[in-house]
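Student: Quick one: this structure, given as structure tokens, is what I'll be asking you about.
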Amino acid sequence: GAGVLAGATMNSNDLLEDEQMKARNMVVSVDDDVRGDYTMLGCPIKLSDQDDTVTRAPRYGEHNEEVLTNILGCTPEEVEQMREQGVIV
């Protein structure tokens, strides 16, 4: 032989259709009530006691109230005032 190491390569479309990738939950379908269902890559790290469920990305401003009240200590009234002033959505 020529002494050259070689192997098959896959493009992103090949990877999304690969049965082994699907079997390892590396390619998953995500349910999104706005975008509809779509395919994306799963979590590459698999631990026996860890949930590796993939969910949709958060919407713009989706967690504003939670962050402002639970983490930053704002009151619900302050959050509403920020919303009314257009500071947050």
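All of the numbers you see were taken from the coordinates with simple rules; none came from a lab. Every value quoted in this text rests on a predicted model; they were computed, and no experiment measured them. In this analysis, Cβ positions are derived from the backbone assuming ideal geometry, glycine residues included, and neighbour counts consider all displayed protein chains.
Student: Quick check: net charge around residue 31, other residues with Cβ under 9 Å of its Cβ, Lys/Arg +1 and Asp/Glu -1?
Tutor: -2
Student: Hey, any idea what the orientation-averaged projected area of the convex hull of segment 1-53's Cα atoms comes to, in nm²? All intermediate terms of the calculation are to be shown ahead of the outcome.
Tutor: Values: hull surface 23.4 nm².
So the Cα hull casts an average projection of 5.8 nm².
Student: For a footprinting-style exposure proxy, rank 60, 38 by other Cβ within 10 Å, fewest first. Walk me through the numbers on the way to the answer.
Tutor: Values: 60 7, 38 11.
Lowest count first: 60, 38.
Student: Further, regarding this structure: Loop sites only, by DSSP: take the trypsin sites (Lys or Arg not before Pro) in the chain that have at most 11 other C-beta atoms within 10 Å and name the longest stretch containing none of them.
Tutor: The longest such stretch corresponds to 1-34.
Student: Could I ask something else about it? Considering the zone a paramagnetic label at residue 78 would reach in this model (a point 7 Å from Cα along the Cα-to-Cβ line), which residues of segment 38-62 have amide N under 20 Å from it?
Tutor: 61-62
Student: At 0.36 nm per residue, and after removing the present C-alpha to C-alpha distance, how many nm does the segment from residue 51 to residue 89 gain when stretched out fully? Walk me through the intermediate numbers first.
Tutor: Details: separation 38, 0.36 × 38 = 13.68 nm, distance 3.11 nm.
Between residue 51 and residue 89, full extension yields 10.6 nm more.
Student: Still on this structure, please answer the following. For a label point 7 angstrom out from the Cα of residue 32 toward its Cβ, which stretches of segment 54-72 have the backbone nitrogen within less than 15 Å?
Tutor: Of the residues in segment 54-72, 54-62 have backbone N under 15 Å from the label point off residue 32.
Student: Just add up the charged neighbours of residue 46: K/R +1, D/E -1, any other residue whose Cβ is under 13 Å from the Cβ of residue 46.
Tutor: On the way: positive: 24; negative: 49, 51, 52.
Once all neighbours under 13 Å are counted, the net charge is -2.
Student: Continuing with the same structure: As an exercise, find the ratio Rg/Rh for the chain from alpha-carbon atoms, using the Kirkwood inverse-distance average for Rh. Please report the intermediate quantities before stating the final value.
Tutor: Numbers: Rg = 21.5 Å, Rh = 17.3 Å.
My calculation puts Rg/Rh at 1.24.
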